[in-house]
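Everything on this sheet refers to the single structure shown next.
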Amino acid sequence: MRKIFTSERGHPFNWKFYLIIAIILRGLLWIYFGRMVPANIAQSDTIEKYFVKDDYGYFFSPVDNYFRTGHYTYLTGVPFTGRLPGYSMAYFIFRLFFNQHISLFLIVGLQFLLSSVSVYVLSLISYLIFNKSKRCFHITYWLYILGVFPGFFDFFIIAESLSVSSLIFSFFYLTKYIKVEAKNCYLIFSGLFLAWTIYLREYTGFLIILFPIVFACYLFFSRKENIYKATKLVFLLCLPFIAFEAIWTTRNYIATKKIILLTTPEEEAYGKLYSAPWQSIDNLIYTWGEIAAPFDKKALGYYYRNPRDPIGYNFPDRLFNGVTSYNEDTLVKLRKLYEDYFYTNDSILSNKLEKEIVNKCKLYRQDYISHNRFTYWVIKPMKDFNYLAFFSGTGYLPLPPHGTQEVQIKFVRIIFCRLYYTILISAFAGLIWYFFVFREITVIPLLCILSFAVIVLTLLYIGTINAYSSVQEPRYFAHCIALVLPFSAYFFNKILPGRGNI
């Protein structure tokens, strides 16, 4: 095996060889995990027992409505502007030629294919930025190909898989421009994939500011370009996003007579599903430090989001520490108020209940924060980041509950959990080694870590300061893992014995 990878066949530029291996090995992993989907995921949450629906309705229902009624809407009669169309557009293109069923399979196939390609591309980035180290290439390749996070999102109807792959492709073309050959087409391709990354997952949006700033600094200080040429090159990088924005904004104005650059508030796009009462409850749950995810049947969010499900909830004692405005009975009554609000068709009653729920949640939230300031401002953000980044990397796998798992499955879960933590910890060690020990500050590694920081800070800001809990789902950390994984390879390349360029 070693001879194969050190021979000419195993050269980093032999993309066919590495792509085939990536497809085979990732395919084998998903044959293994895919057979567990029908056993551990409810039929209503799957597509033909093979793939997980997850956010299908939020992304693709407007497209289905378009082909059924001729209108791109989620709510009847309301033009949909609740999400950027990066994911739905891919589905829309397939729907132009195929029915709904086949199009969903093609979306999953596209996610799996691009994810497999991104394994090789990320490895090639590592090879180029770390002085053409073949060992960095191979370590990155094997770590990313075996790390099921974020790879298992390939079989979920959520935008993470395509967005992570697209971000990797954007970095690749920018790396080629800087490290291989300064072709303008590389800048356009990098900008195209960056724009798609953002249109797939909005919380990466600040990258459209960060990329041009770092690239401009490179042009001015490293290449000593004049302001005219530097401006032209930065514009080429931004051009695809500008074009996307022009098309999307124009469509929104034609449909709504409003200037909508990105998206409208979720309550406008999804109605009662993400209404002010639900967001107030969501906010309150998050303030307490509880899990607001409505799909987790053990979470407080599920208890409130599904008020007709005959279940109870054991409220932790810490929720009542020092408070005077609520107790366990009032929290149960809050659920009943939400049930009455969600299912009523009486607009007058609905407005009355909306105000009551919003006011109660605001009161309860202020009461809790005023009596638990240290817990809210210090302990909770630490727990939030721990949940976001250190959740084990296996939480989304279609496995049975831990207590009911067979020894074999527990062993598999432990392996992938250890692999996740190995990548994460070694990546941070590699970052420290690269920037602070060897002080090798070059453009692409710097942009990787700055992008990592921007995404994490965006998530923490929205989740902690703005107190919107749903952005704290661990899947939102997928981009960050891809960004820092090459530094994990850099770390292992430094500590492993032998030649560093094999």
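The values are calculated or read from the model by the stated rules, or taken from the named source; none is laboratory data. In this text the structure is predicted, and so the values were computed from the model without any measurement. We place every Cβ from the backbone using ideal geometry, glycine too, and count neighbours over all the protein chains shown. Quick note on the areas: whole protein, heavy atoms, side chains included, nothing else; ligands and nucleic acids left out. Shrake-Rupley method; radii C 1.70, N 1.55, O 1.52, S 1.80 Å.
Spot the failing condition for residue 294; the list is (1) surrounded by 15 or more Cβ atoms within 10 Å (Cβ to Cβ); (2) without any contact (Cβ under 8 Å) to a residue 24 or more places away in the chain; (3) out of contact with any Gly (no Cβ under 7 Å at 6 or more places or on another chain), and only one is missed.
(3) is the only condition that residue 294 fails.
Among the candidates 118, 126, single out the residue that is touching a residue at least 24 places away in the same chain (Cβ under 8 Å), in a helix (DSSP H, G or I) and touching a Cys at 6+ places or on another chain (Cβ under 6 Å).
Checking each option against the conditions leaves just 126.
Filter the range 63-113 down to residues that are in contact (Cβ under 8 Å) with a residue 24 or more places away in the chain, aromatic (Phe, Trp, Tyr) and closer than 27 Å to residue 246 by Cβ, then give me how many there are.
Total meeting the criteria: 8.
Going through the range 144-161 one residue at a time, which ones are at pLDDT 90 or above and part of a loop (DSSP other than H, G, I, E, B)?
Once the filter is applied, which keeps residues that are at pLDDT 90 or above and part of a loop (DSSP other than H, G, I, E, B), the range 144-161 yields 157, 158, 159.
Determine, yes or no, whether residue 268 is modelled with pLDDT under 95, open to solvent by 30 Å² or more (accessible area, probe 1.4 Å) and in a helix (DSSP H, G or I).
yes
Residue-by-condition table, conditions (1) over 23 Å from residue 124 (Cα atoms); (2) open to solvent by 30 Å² or more (accessible area, probe 1.4 Å); (3) in a helix (DSSP H, G or I):
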site: 187; (1), (2), (3): no, no, yes
site: 194; (1), (2), (3): no, no, yes
site: 203; (1), (2), (3): yes, no, yes
site: 214; (1), (2), (3): no, no, yes
site: 225; (1), (2), (3): yes, yes, no
site: 248; (1), (2), (3): yes, no, yes
site: 261; (1), (2), (3): yes, yes, no
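Is there a residue being under 17 Å from the mean Cα position of the chain (by Cα) and touching a residue at least 12 places away in the same chain (Cβ under 8 Å) anywhere in the range 432-440?
no
So the check is Cβ under 6 Å with 6+ separation or different chains; which pairs have a first residue in the range 1-21 that's within 11 Å of residue 138 (Cα to Cα) and assigned to a helix (DSSP H, G or I) and a second one that's open to solvent by less than 40 Å² (accessible area, probe 1.4 Å) and modelled with pLDDT under 85?
Cβ pairs passing all conditions: 6/502.
Can you report the number of residues in the range 57-115 which are part of a loop (DSSP other than H, G, I, E, B), among the β-branched types (Val, Ile, Thr) and buried (at least 22 other Cβ atoms within 10 Å of the Cβ)?
Result for the range 57-115: 1.
Please return the ranges of helices (runs of 4 or more DSSP H) entirely within the range 302-416 where 2 or more residues are under 29 Å from residue 52 (Cβ atoms).
Passing ranges, in order: 328-343, 380-389.
If residue 394 meets every condition in (1) open to solvent by less than 40 Å² (accessible area, probe 1.4 Å); (2) under 30 Å from residue 414 (Cα atoms); (3) out of contact with any helix residue (DSSP H, G or I) (no Cβ under 9 Å at 6 or more places or on another chain) apart from one, which number is that one?
Of the numbered conditions (1) open to solvent by less than 40 Å² (accessible area, probe 1.4 Å); (2) under 30 Å from residue 414 (Cα atoms); (3) out of contact with any helix residue (DSSP H, G or I) (no Cβ under 9 Å at 6 or more places or on another chain), the odd one out for residue 394 is (3).
Return the pairs, sorted by first residue and then second, in which the second residue is outside any helix (DSSP H, G or I) and of a type in the set (S, T, N, Q), the first residue lies in the range 343-369 and is open to solvent by 60 Å² or more (accessible area, probe 1.4 Å), the beta carbons are less than 6 Å apart, and the residues are 6+ apart or on different chains.
363/325
For residue 309, which of the numbered conditions (1) within 23 Å of residue 363 (Cβ to Cβ); (2) among the acidic types (Asp, Glu); (3) surrounded by fewer than 13 Cβ atoms within 10 Å (Cβ to Cβ) fails to hold?
(1)
Under 6 Å between Cβ atoms, at least 6 apart or on separate chains: pull out the pairs that start in the range 269-291 with a residue that is free of Cβ contacts under 8 Å to residues at least 24 places away in the same chain and end on any residue that is open to solvent by 20 Å² or more (accessible area, probe 1.4 Å) and of a type in the set (D, E, K, R).
Taking only residues 6 or more apart or on different chains, the pairs are 274/266; 274/267.
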